[in-house]
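S.K.: Take a look at the following structure, please.
The values are calculated or read from the model by the stated rules, or taken from the named source; none is laboratory data. Note that this is a predicted model, so its numbers are computed, not measured. FYI the Cβ positions are ideal-geometry reconstructions off the backbone, even for glycines, and counts take in every protein chain you see. Surface areas here come from the heavy atoms of the whole protein model, side chains and all, with no ligands, DNA or RNA. Shrake-Rupley method; radii C 1.70, N 1.55, O 1.52, S 1.80 Å.
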Amino acid sequence: MKAFVVTSPGTGAVAEVAAPAPAAGQVVVDIARVGICGTDVGMFHSTYNRPGRFPLRLGHEWCGRISEIGDGVDAAWLGRRVTGDTMLGCGQCHLCRSERHYVCENRHEIGVRGWPGALAEKLLVPVSALHRLPDSVTDDMGAMVEPGGNAYRAVAASDARPGSRVLILGPGTIGLLATGFALAAGSEVHVLGITPASLALARGAGAHGVWTGSDLPDLAWDSVINATDDDSMPQFALDRVDPGGRVVFIGSAHKPTTLDAQSFVRKAVTAVGIMGGSHGLRPTIEAYENGSVDPRPLIAATIGLDAVGSVLDGDFPPSAGSGPKFLVDPKGISDAH
Ligand SMILES: [Zn+2]
Ligand SMILES: [Zn+2]
């Protein structure tokens, strides 16, 4: 089968690789769509704070149809449209046993850590990680369930609800999806960003206010969600949040960040870190299905595997829209060349 293979930092190409075969408890998914995310860009260039080993097989935001099942897998799965959890815990440790498999020390992460990713025609997945997709959740939406799960968990941790005011830092994919979930929760939602195009997307998603750094109003923020990779933003979030409020950290900076621990104490702030979308995947599928959140305006373009290297390099097809998300159809050929 064809897969996008990264052979060294900044170098990758479509290659012919062995197709996966399902062991007991596993399935093979024929990939319909896979999203490219900031984690992929960071891993491609080896700037990500969890560098991978080469050759690398990226891709953790995916959906497709099950074409093969291993021993012990219910035959009803065959032919189903699915997406799945990136985080594959060992299943044995106390973290896995208490539904915290996403921080299991021995976990694999599909396309990130020790498990070949979905930028390929086929993907191997344990059946335990699968989530079924309803017909109304299209392939484009299905590939955006994984980032949606992250955004959902961030918003849930922010305690967004009617009457609360949420500030989201960073209108990238996670920030924009979080905007959707926070609005769906009934909050007043504001977004801080840099580029007019990304702020226009936030406005289009229904944000009540969109701001750049200099014009951010001095409002009482019940919660602040940091969805940037800027190392100054965690402290910014802590400085801006209302006393007794909540700060949610989901963005990951490329270098260590410092935070004044005393300001947590003096302001009685609750801080939550979000790692992965796991328990947010099911509610995200429901939100996409019932229309309360629509990820499709975030899609810039759908490309073929042949154009993945260029997009990871920041060289976007001229026809691409202003959204932050590029999707890949592994069976398609790009018109980008
Ligand atoms: Zn991602
Ligand atoms: Zn474990």
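S.K.: Give the percent of DSSP beta bridges with both residues in the chain that are antiparallel, rounded to the nearest 5. Working shown, then result.
M.R.: Values: 31 of 58 bridges.
For the chain, the DSSP antiparallel bridge percentage is about 55.
S.K.: Can you give me the angle between helix 173-184 and the longest principal axis of the chain, using Cα atoms only, in degrees from 0 to 90, rounded to the nearest 10?
M.R.: 60 degrees
S.K.: Let me ask another. Principal axes first, then extents: for the Cα atoms of the chain, list largest minus smallest coordinate on each axis, whole Å, largest first.
M.R.: Between the extreme Cα coordinates on each principal axis of the chain lie 56, 48, 38 Å.
S.K.: A further question follows. At 7 Å along the Cα-to-beta-carbon direction for both residue 208 and residue 319, put a label point, then send me their distance in nm to one decimal.
M.R.: 4.0 nm
S.K.: Right, something else. When the helix-only estimate is applied to the chain (DSSP H runs of n ≥ 4, each -39,500 (n - 2.57), divided by the residue count), what is the mean residue ellipticity at 222 nm, nearest 500 deg cm²/dmol? Can you show the working numbers first?
M.R.: Working: 10 runs with 80 residues, N = 337.
After summing the helix terms and dividing by the residues of the chain, the value is -6500 deg cm²/dmol.
S.K.: A further question on this structure: Regarding segment 29-171, what are the three Cα extents along the principal axes, ordered largest first, in Å?
M.R.: Principal-axis extents of segment 29-171 (Cα, largest first): 49, 37, 34 Å.
S.K.: Further, regarding this structure: In whole Hz, what ³J(HN,Hα) sequence does segment 302-317 give by Karplus (6.51, -1.76, 1.60; θ = phi - 60°), x for Gly and Pro?
M.R.: Coupling constants for segment 302-317: 10, 10, x, 4, 5, 9, 4, x, 4, 5, 5, 7, x, 9, 8, x Hz.
S.K.: Cross-link partners among aspartates and glutamates for residue 331, C-alpha distance below 15 Å, same-chain residues fewer than 8 apart left out?
M.R.: Cα-Cα hits under 15 Å: 16, 30, 121, 139, 140, 306.
S.K.: Under the Kirkwood approximation for Rh and a Cα-based Rg, what ratio Rg/Rh is obtained for segment 271-326?
M.R.: Taking Rh as the inverse mean 1/r over Cα pairs, Rg/Rh reads 1.09.
S.K.: Moving on. For Cα pairs less than 8 Å apart in space and 6+ apart in sequence, what is the mean separation divided by the residue count of segment 151-273, i.e. the relative contact order in percent? List each step's numbers first, then the result.
M.R.: On the way: 267 pairs, mean separation 29.2, N = 123.
Taking the mean separation of contacting Cα pairs over the length of segment 151-273, I get 24 percent.
S.K.: According to a simple spin-label model (label point 7 Å from Cα along Cα-to-Cβ), what is the distance in nm between residue 30 and residue 215?
M.R.: 5.0 nm
S.K.: Which value, in Å² rounded to 10, gives the accessible area of residue 190 with a 1.4 Å probe and all protein chains present?
M.R.: 10 Å²
S.K.: Using the Kirkwood radius over C-alpha pairs as Rh, can you work out the diffusion coefficient of segment 151-273 via Stokes-Einstein at 10 °C, viscosity 1.306 mPa s, in µm² per second? Could you put the intermediate results ahead of the total?
M.R.: Working: Rh = 13.9 Å.
In µm²/s, the coefficient rounds to 114.
S.K.: Continuing with this model, one more query. Between helix 281-290 and the chain, what is the angle of the helix's C-alpha long axis to the longest principal axis, kept within 0 to 90° and rounded to the nearest 10?
M.R.: Roughly 80 degrees between the two axes.
S.K.: Any chance you could run the full-extension gain for residue 333 through residue 135? It's 0.36 nm times the residue separation minus the Cα-Cα distance, nm to one decimal.
M.R.: Working: separation 198, 0.36 × 198 = 71.28 nm, distance 2.49 nm.
Residue separation times 0.36 nm, minus the Cα-Cα distance, leaves 68.8 nm.
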